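The values are calculated or read from the model by the stated rules, or taken from the named source; none is laboratory data. Quick caveat, the model's predicted, so the values are computed rather than measured. When we count neighbours, we look across all protein chains shown, and the Cβ atoms used for this are built from the backbone with ideal geometry, even at glycine. Note: accessible area is taken over every heavy atom of the protein model, side chains too, but ligands, DNA and RNA are not part of it. Shrake-Rupley method; radii C 1.70, N 1.55, O 1.52, S 1.80 Å.
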Amino acid sequence: MTALPRIRLDRTRLAAPQVLEKLRDAILSLELVPGTVLVRQELADRFGVSQTPVREALLRLAEEGLVDVFPQHATLVSRIDVDAARQAHFLRRSIELEIVHQLAEEAPPELVAQLQAQIALQATLAAARQYGDFVGADRKFHHLMYEAAGVPSLWDMVSRVSGHVDRLRRLHLPTAGKTEAILRDHRAIVRAIARHDGAAAQKALREHLSGTLSSLPEICARHPDFIAGESWGDDTVSR
């Protein structure tokens, strides 16, 4: 197993949800790359817990498709499933098109200010090539819109099924011009919301979520062991 640092948990909270959160973050950030063997006892030692919360966390990650459990053999970080990425993208796009249209009708000034602040933070992180923190700020940008639209639980649902597309995005993020494109699209979405222009907000969001699978062969060429199968084609995944 790729060595994780020893992680101190908050003893005022249940251990299993924290182990789940930490392991999920490590997988999505590619600190734990596809194919990594996960040994329950080693993970328990890292977190300073018994194997029970680790086992519970691994079962949840298996439900999300982020780990493959082979009984009596091994548990591995799963490879990236392109078909699962497409479906997660479809779900997210469908929901967020409605969200930005609703927000454009309302255009709450406090939301516009919050989104602009996130864009400024992202720009700073992009300039410093702090990609992990950039991803966090990107997620916060979208999460703010779900909260403002009154559907925060839908963000949780989308997040649970988006592990494969999130990892594709993480692999693609260092590509030249990628962070600039994300910032440009975010600014266009916020401008449209501020102008009460629902159609423009949807157009900007659709552009934002329209990175084509033409970039996937490049990712696979750099990381041939990370992708499951060869289900590539002319389609879109979330940018």
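Data table
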read-out	value
Per DSSP, loop trypsin sites (Lys or Arg not before Pro) in segment 1-92 with at most 12 further Cβ within 10 Å	R6, R8, R11, R13
Angle in degrees between helix 51-63 and the longest Cα principal axis of the chain, rounded to the nearest 10	50 degrees
For segment 18-62 versus segment 102-129, the gap between their alpha-carbon centres in whole angstrom	32 Å
Heavy-atom surface of the chain, accessible at 1.4 Å and reported per residue (Å²)	49 Å²
Segment 141-232 - Rg and Dmax from Cα coordinates, angstrom	15.3, 45
Listed residue (I99, H89, A44) projecting farthest to the positive dipole end of segment 18-132, Cβ model	A44
On Cα atoms only, tilt of 15-28 relative to the major axis of the chain in degrees	70 degrees
Net charge over other residues, Cβ less than 12 angstrom from the Cβ of V54 (K, R count +1; D, E count -1)	+2
Cubic angstrom per residue, convex hull over Cα atoms of segment 16-91	92 Å³
Potential extension, L91-A176 segment - 0.36 nm per residue separation minus Cα distance	27.9 nm
Estimated FRET transfer efficiency when R0 is 30 angstrom, pair E42-Q130 (beta carbons, to 0.05)	0.55
Net length gained if the chain between D25 and E98 were fully extended (0.36 nm per residue, minus Cα distance)	23.5 nm
Under 5 Å, built H, 5+ apart or other chain: amide partners of L32	I27
Lys, Arg +1 and Asp, Glu -1 on Cβ, resulting dipole of the chain about Cα centre, debye, nearest 20	540 debye
Theoretical ellipticity at 222 nm over the chain - DSSP helices of four or more residues, -39500 (n - 2.57) apiece, nearest 500	-20500 deg cm²/dmol
Value of relative contact order over segment 1-130, rounded to a whole percent, pairs C-alpha under 8 Å and six or more apart	22 percent
Residue with peak Gaussian network fluctuation, the chain [Cα springs, cutoff 10 Å], from L14, L32, L173	L14
Per-selection Kirkwood Rh - the chain (Cα, Å, 1 d.p.)	18.9 Å
Projected label distance in nm at E105 and H143, using a 7 Å step from Cα toward the beta-carbon	2.7 nm
Long-range HN-HN contacts of I80 with modeled amide H, under 5 Å	I227, A228
Segment 1-43 residues near the modelled Q51 label - backbone nitrogen below 16 Å, point 7 Å along Cα→Cβ	38-43
Residues whose placed amide H lies under 5 Å from that of T75, excluding near-sequence neighbours	L38, F70
Residue with peak Gaussian network fluctuation, the chain [Cα springs, cutoff 10 Å], from E31, E63, E110	E110
Sequence of T179, T124 from largest to smallest accessible area, 1.4 Å probe	T124, T179
Spacing of the two label points (7 Å from each Cα toward its C-beta) at R160 and R6, in nm	3.4 nm
³J(HN,Hα), Karplus 6.51/-1.76/1.60, whole Hz, each residue of segment 123-135, x for Gly, Pro	4, 5, 5, 5, 4, 8, 6, 8, 5, x, 5, 4, 4
